Every structure is written in C-alpha cells, then in structure tokens.
Amino acid sequence: MGVDHRPRFHLLPREGWTNDPIGPIFWGGRYHLFHQANPEGAFWARPHWGHFASADLVHWEHLPIAMSPTQDGVDADGCYSGCIVDHDGVATMYYTGVRGAVGPAQQQATCVATSTDPDLRVWAKYPGNPVTVPPVGYDLLGFRDPFVWRDGDRWRQLVGSGIAGRGGALFLYASTDLRSWTFLGPALIGDGRAQGEDWTALMWECPALLPFGAPDGGGSVLLVSLHDETRTHYPVAMLGSFDGREFVPHRMQRMDFGPDYYAPCVMVDARGRRICWGWAWEARAAGTQGVAGWAGVLTLPRVLTDHGGRLGVEPLDELRRLRSTRLPVTAEPCADGWRAAGAGGDTIEVLVDIAPVDGPVGVRVRCSPDGAERTEITYDRARAVLRVDRDHASLDPGALGGVYEGPLALGAEPLRLRVFVDRSLVEVYANGVTVATLRIYPSRPDSLGVEVFGPGGDPPVTRFEAYRMGSVFDPPGARPVTR
Ligand code: FRU
C-alpha cells in the first residue's frame, strides 16, 4: 500500500491546485478564507478563488469556488490574489484581473466584486472593472495582489510590483468610495542590488500592512513575498513606520526559515490577534503531484506577536481542539537519545522542552525503525541556530532534500519546540519566535517514529507530550449546517 501524503489537519481543497491563502474575513457569524485555486488539475493555471468557511478557525467546510475568470473579460486569464473588506455592510473583494499569457505583455489590474450573500458564495463583478491600472512611467515586472484597508475616513490600496533593474515596489492609492482611486506614488521601492540578509528580489507579491509596535507613531509591519522573474522565494516582514504616504523600514526578518512557505495573508480578529495563513507548496516531482490530483496546502493559522520588538509567531491557541488523543509515551533507548514509543504517527503534534545543555539537541519525526527515513530538527545553542534537515526524509529520489537554518538565540532559556506533523507537511515552532515549514514525502509506511536526541544520548527533556490530531474537515458531530 502506498503512503498517503495528503494532509488531514491543514486546509486544502478536495482536488486540484492551491496557492496563496487570500481574503480572510469574519462575516455573517463565520470565518471565511479563500485561496488561489485551479479546480481543473494539480498544476497552476488560470487562478480562481477557492473557498472555506469555519465557525471556530479550526474546523472548516469546503464551499464552492467563489470567483472565476470571465471569458473575454479583464480577468479572462485569472482572478489573482487580493483581499476582502467590509464596506459599510457589503463584502467587497479586491483581486487582480489578469488578461493575456504570462509574460511582459500580460495585463494585470485591480478589479472589484461585491457580495451581500451571508455565506459569501455569490459575488457580482463591478461593471467598471478594472478600477486601478499600473502607473505610467515605470518599467514594471508586475502589478498585482491589492491590499486595501480603511485609514480614518479614507481607504487605501497597496499594490505589489517591481521595477525592472531596480527592485521590488509597492504602489499606493487612496479612495473615498472604493471604486475611484487616486495614485499617491510608491510607498516603498526596494534595492534590488542588496545581497545577503538584505536581499529583497526584484518583485514583491502579496503585500500586507498592519499596525505593529507603537501604532500611534505609525509603527507598522509590512509583509511581502519575494519573487523574481523566474522564481518564487520566501516572504519577509519589514518592521518600520508608515506616515500615510511612505513606509520606512527599520529592520527586516524572514517570516519562516523553511523552504516551503510563501504568500502569507493576515486577518485581525475581534480580539485584535493578527492571524496569519501561508501557502506550503509541494516539494516532489510534478508527475507524482499530477497522479495525486492535488497540490499545495495552507499552513496552520499562526498568531503574529510583538516579541520584544521582533515579529514573533505562535500557533493559534484554538488549535488544541484538533487534538483527538493524548498519546502514551514510553522511552526506548536509541543511538543518541530515546525513541518515544507510542507517540508515533503521521498526523501528530509533539511538544518538547529541553533544558540548556552543551551540544546539539533535537527531535526526529517520521523515522523508520532503522533510521533510513527521518526528518531532523536540531537546536545548536552555541551557534544560536535552529536547523531542519530533510535530506533523509524520503527514499524517493523525486522528493526534495535540503538542510535549512534559522536564527534562535535562547540564552539561558530552555528550548520549547512544538512540531506539527501532518503526513507530508511539517511545521516547527520554537520559543514563540522561530518557525519553519517544510514538505516531506516518506516512502515507507513504517516511517512514523518520534525520537529525541542530545549529548551523550541523554537530552535534558523537561516536557514531552504527543497528540494524535483530528481532521480539519471532520469535526465529530459539529459540522456546520449549510444550504
Ligand atoms: C503569489 C502569486 C501572486 C498572484 C498569484 C497567482 O504566489 O504569484 O502574486 O496573485 O500567486 O496565482
């Protein structure tokens, strides 16, 4: 029997392709989350808006495609990413209408649609679309992913872009009626020549601007996903200030140091929490993906916090409701630590705290009994680095490997890991500040083990808990009633 790689407690449609999560909004008593979708197959093409709804942010329902391209329309070749705002009781969607094949001649422009359906299933496109077209006088690499928000008595729109030979760019617009927009200029232009940690590519996708730190002084965090003409890279968060016209970045950090995380979007909930979803793409051969019939998954909802002036991140508290069983654990010695017999599985959450000690410590998940398959998470306190290693995650040569490192300076603090393993998706959260998303495709049905390791085979573990997780689409006895 083959190994099932389809995640169970993460969001993905029944079939077809998924990329960016978009348009999260609380509406009519439920949360709605949309995503870029190709219902025709497990490959990117002609994006639509797929749709999920939830009463509790944890258990979700599949809803039909909410927005589709119109033949011969300004969005004939795709309804790309965007956002949804509440315009005096009317749900108002901003998306990028795309016409023409991918390439320099393709037209990208902001379009509007509205819904008065309490379930947000039915949307009417504004006949005057598009409402915002690219500014003249720039050699642009793209113009997409509108982010719209209310700023006092005006609305503002930021559009992701890039200027050839110069760097990523965000263009800013203002409106009072959400239809007619005035161009205010670039809110920020990146330096495409910067290298190393300051590298920001040539094109910025999926912008989001949120209050952060001291909002009275314009304290804000700007999220952008870095793209260049050929590749999708990773999202960054820029902490800085916004004065209504320009964003001035003070510091920048990666949002996730794993290889498979992109296009985060954020909803601020009634409690003021910044809840963030991202896209985890596949890391296996396109052929296998086609056979599976699905590709792409959304990451768990994460709360973005102010972690002493840095952007911190924690899994949403309510995710505890996904735990179905606490797994009994017996420690059995293995080469450099112990195997948590009883705690294994392919849909589990593992919590491990390890006291400070000299030498690398960590956890392995999805280990085969002989260790031939394993995914390793290591904390190197001396280097203040957290590492995820999927070089041995799979014996399938079509599954990507790689070792990835992110900063984690703990001083005298214990390591606190929370690891979510959902078949082919692993999310690692450490100490409220460092997070990594990676896809793995173990080939053996017995690659289910969990191990803890450390110096002398005796890691100073102060907490170990493991839970089997339920399905995000299958709340026992609590499925929302729908039409
Ligand atoms: C990011 C992105 C967006 C675009 C969408 C198209 O992954 O390229 O810029 O709107 O995907 O599906």
Limited to region 68-87, what total is found for residues that are closer than 16 Å to A124 by Cα and surrounded by fewer than 24 Cβ atoms within 10 Å (Cβ to Cβ)? 10
For region 150-178 the number of residues that are on the phi < 0 side of the Ramachandran plot and surrounded by 15 or more Cβ atoms within 10 Å (Cβ to Cβ) is 18
From the list W44, W49, W123, which residue is touching a residue at least 12 places away in the same chain (Cβ under 8 Å), under 23 Å from T230 (Cβ atoms) and not hydroxyl-bearing (S, T, Y)? W44
Within region 106-118, identify whether any single residue is within 23 Å of L11 (Cβ to Cβ), polar (S, T, N, Q), within 14 Å of the ligand (Cβ to nearest atom) and more than 20 Å from the chain's Cα centre (by Cα), and answer yes or no. no
Scan (1) surrounded by fewer than 23 Cβ atoms within 10 Å (Cβ to Cβ); (2) touching a Gly at 6+ places or on another chain (Cβ under 6 Å); (3) not in a loop (DSSP other than H, G, I, E, B) for the single condition R284 breaks and write down its number. (3)
Residue among E405, E413 that is assigned to a strand (DSSP E or B), surrounded by fewer than 22 Cβ atoms within 10 Å (Cβ to Cβ), out of contact with any Phe, Trp or Tyr (no Cβ under 6 Å at 6 or more places or on another chain) and touching a residue at least 24 places away in the same chain (Cβ under 8 Å): E405
Return the only residue of V136, V102, V122, V98 being of a type outside the set (S, T, Y), within 14 Å of the ligand (Cβ to nearest atom) and not in a strand (DSSP E or B). V102
Tell me which residues, restricted to region 226-276, are within 13 Å of the ligand (Cβ to nearest atom), farther than 13 Å from L210 by Cβ and of a type outside the set (F, W, Y). L226, H227, D228, E229, T230, R231, T232, H233, P235, D260, A263
Those residues of region 238-259 which are outside any loop (DSSP other than H, G, I, E, B) and under 24 Å from D389 (Cα atoms), in sequence order: Q253, R254
Looking only at region 1-36, which residues are within 20 Å of S471 (Cβ to Cβ), part of a strand (DSSP E or B) and among the small types (G, A, S)? G16
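Every number here is computed from the coordinates shown, using simple stated rules; none is lab data. Treat the numbers as computed from the prediction; the structure is a model and nothing was measured. FYI the Cβ positions are ideal-geometry reconstructions off the backbone, even for glycines, and counts take in every protein chain you see.
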